[in-house]
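S.K.: Below is the structure I would like to discuss, written out as structure tokens.
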Amino acid sequence: VLGDAGNTNDVKLTWKRTSMDYIDTLEDRCRVYTFGLNIKKEFTDSKTKGDPTKVQFVLKNESDGHYITAKKSEDGIYYVTDATKGAKEDEGTVFSPDGSGKLIVNGLEANTYVLTEIHTSADFKSNIFRTCASYWSNELQ
């Protein structure tokens, strides 16, 4: 669950010691928060219409020093898996926006990230090949 409410997880642990006749129970609740990235890739050159689906990004967790791995769902949204954390850029997922330029990545931890454009549309002449497109921090209040 994304947002301020978080994802509530309730747990009830019941156990009995073999040396005693009574049962102990412990109940607890925690809230898990995940965050997302929702950006739109736009081309500023009005003479050239770039193809946003040809643009490629990588996303690095600067706090933990690894590249994000994610799977793309049928609706085009990426969900972080991080089953294997990419130590090098080529070990992370290459993210591409949809035809409207929209890119959504859900399931991020509250950390500092850098989104880097590693490839642009062939129809668009870019003087900046590698640029930090987005940077945000875990300083969420």
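S.K.: Can you list the residues, at least 5 places off or on another chain, whose amide H is less than 5 Å from the amide H of LYS102, using H built in the peptide plane?
M.R.: LYS41
S.K.: Between THR84 and LYS12, what is the FRET efficiency for a Förster distance of 30 Å, r being their Cβ-Cβ separation, to the nearest 0.05?
M.R.: The computed FRET efficiency comes out at 0.35.
S.K.: To continue, here is another question. Do any of LYS49/LYS88; LYS54/LYS85; LYS12/LYS71 go past 29 Å between their Cα atoms, and which? Provide the component values of the computation, followed by the final result.
M.R.: On the way: LYS49/LYS88 32 Å; LYS54/LYS85 25 Å; LYS12/LYS71 32 Å.
In this structure, LYS49/LYS88; LYS12/LYS71 exceed 29 Å between Cα atoms.
S.K.: Can you give me the long-range amide H partners of LEU37? Hydrogens built in the peptide plane at 1.01 Å from N, cutoff under 5 Å, separation of 5 or more residues or another chain.
M.R.: So LEU37 has HN proximity to VAL105, ASN106.
S.K.: Can I ask one more? List the aspartates and glutamates whose Cα lies under 13 Å from the Cα of LYS40, skipping any in the same chain that are fewer than 8 positions away.
M.R.: Answer for LYS40, where 13 Å is the Cα cut-off: ASP51, ASP98, GLU117, listed by chain and number.
S.K.: Relative to the present Cα-Cα distance, how much length would full extension add between SER19 and ASN38 at 0.36 nm per residue of separation? Write down the numbers at each step before the final one.
M.R.: Working: separation 19, 0.36 × 19 = 6.84 nm, distance 5.56 nm.
Between SER19 and ASN38, full extension yields an extra 1.3 nm.
S.K.: Using only C-alpha atoms and all pairs of different ones, pull out the Kirkwood radius for segment 1-121 in Å with one decimal.
M.R.: Working: mean 1/r = 0.0584 Å⁻¹.
Radius from the Kirkwood sum: 17.1 Å.
S.K.: Separate question: In sequence order, what are the phi-derived ³J(HN,Hα) couplings for segment 29-34 according to the Karplus relation 6.51 cos²θ - 1.76 cosθ + 1.60 with θ = phi - 60°, rounded to whole Hz, with x for glycine and proline?
M.R.: These are the phi-based 3J(HN,Hα) values: 9, 9, 10, 10, 10, 10 Hz.
S.K.: Along the charge dipole of segment 35-123, pointing to its positive end and built from +1/-1 on Cβ of Lys, Arg, Asp and Glu, which listed residue (SER73, ALA110, SER63) has its Cα farthest out?
M.R.: So the residue we want is SER73.
S.K.: Please find the FRET efficiency linking SER73 to GLU109, where r is the Cβ-Cβ separation and R0 is fixed at 22 Å, and quote it to the nearest 0.05.
M.R.: Computed FRET efficiency for SER73 and GLU109 comes out at 0.70.
Just so you know, all these numbers are worked out from the coordinates, no wet-lab data involved. It should be emphasised that the depicted structure is a prediction, and the values quoted were computed from it without experimental measurement. FYI the Cβ positions are ideal-geometry reconstructions off the backbone, even for glycines, and counts take in every protein chain you see.
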